[in-house]
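Below is one structure; the comments refer to it alone.
The values are calculated or read from the model by the stated rules, or taken from the named source; none is laboratory data. As the structure is a prediction and not an experimental result, all values here were calculated from the model. Neighbour counts run over all protein chains shown; Cβ positions are idealised from the backbone, glycine included. Only protein heavy atoms, including side chains, enter the accessible area calculation; ligands, DNA and RNA are left aside. Shrake-Rupley method; radii C 1.70, N 1.55, O 1.52, S 1.80 Å.
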Amino acid sequence: MTVPARVSQQNPRALTPLAESIARLRTGTEIVFGTPSDDWTICSDLLAEPTRFDLWRKDLAEWMVEQYGESDDRATAGYIMGWYLHQPGYLAGLLFHTARRVPTLKPSDMAFHINTAGRPHPDGMALMCDEFACLPDDPASNHPAATVVANEAALAAILRARYAAHAAQFVASFGQVVRFGRRQLWAAATDMLEYGPWAAGRLFGDENAGVTDAAMILPEKLEPFVAASSLHFTDEGWKRKRNSCCFHYVLPNAEPCTACPRTTCNN
């Protein structure tokens, strides 16, 4: 069920439980509940027309030329691959970490806004469905939109399955217009699934809990993902081994990202 954005913007007391969870998020990125305006991109619409990725990459290539003097097909594909998968991965990680709630994550239930001033990256995300999975002790477990599961492991499994279903549609669509193979695409999906809860933990002041959440969601190598959570504690704090690459390093005079899998030090 889709709930108009005006519900969350004009009458906060009328929010559904999941919308209330989103309203409490303070992340520095715009996250809204409800149907956004026409200048937002509904994920299912984008995935249904893979050539729209080419238009997005064209805008990104123009920005790269401004910044680096030239662009690279691998870099435009790598950036957008990570940016897109960040949307369901981050939203799922935030809601799992902060509320122990998991939204549907269907492409038809999610949208994002692309920055129009400078680099064309997503600068806002929207959830358009109030259905959610939760634990038995959730105060809204008796809500009509709730699906109750037995424990945290079961909730993590639902998150993983729902994210995988969304990622599979992305892999099928984006794979038609880029030269990346399925392994590379699923490696990126694995990285973003791990990143979501870890980032949520850091953002809300308990990185250790975020790491624990990531390990619960990716406890081992589970198909179609390419690896288990690799987060481990070092003298410099929590680090991880990235499975995918954004190919930023191929741009002229660009240094590899600190988390680049092509370097010996990953985080």
Any residue in the stretch 57-72 that is of a type in the set (A, V, I, L, M), closer than 19 Å to His113 by Cβ and assigned to a loop (DSSP other than H, G, I, E, B)? no
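If you check Ser108, Ser173, which single one turns out to be touching a Leu at 6+ places or on another chain (Cβ under 9 Å) and among the hydroxyl-bearing types (Ser, Thr, Tyr)?
From the options Ser108, Ser173, the qualifying one is Ser173.
Quick check, is Trp186 in contact with a strand residue (DSSP E or B) (Cβ under 8 Å, 6 or more places away or on another chain), of a type outside the set (D, E, K, R) and open to solvent by less than 20 Å² (accessible area, probe 1.4 Å)?
no
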Among the candidates Pro103, Pro107, single out the residue that is over 11 Å from the mean Cα position of the chain (by Cα) and either under 10 Å from Met192 (Cβ atoms) or buried (at least 24 other Cβ atoms within 10 Å of the Cβ) (or both). Pro103
Residues located in the stretch 43-89, provided they are more than 22 Å from Gln184 (Cα to Cα) and open to solvent by less than 50 Å² (accessible area, probe 1.4 Å): Trp63, Met64
Members of the stretch 10-36 that are more than 20 Å from the chain's Cα centre (by Cα) and within 24 Å of Ala92 (Cβ to Cβ): Pro12, Leu15, Thr16, Pro17
So in the stretch 221-243, with the set limited to residues that are open to solvent by 40 Å² or more (accessible area, probe 1.4 Å) and among the aromatic types (Phe, Trp, Tyr), which one is farthest from Arg202 (Cα to Cα)? Phe233
Tell me the helices (runs of 4 or more DSSP H) entirely within the stretch 152-267 that contain at least 2 residues that are at pLDDT 90 or above and among the β-branched types (Val, Ile, Thr). 152-174, 207-217
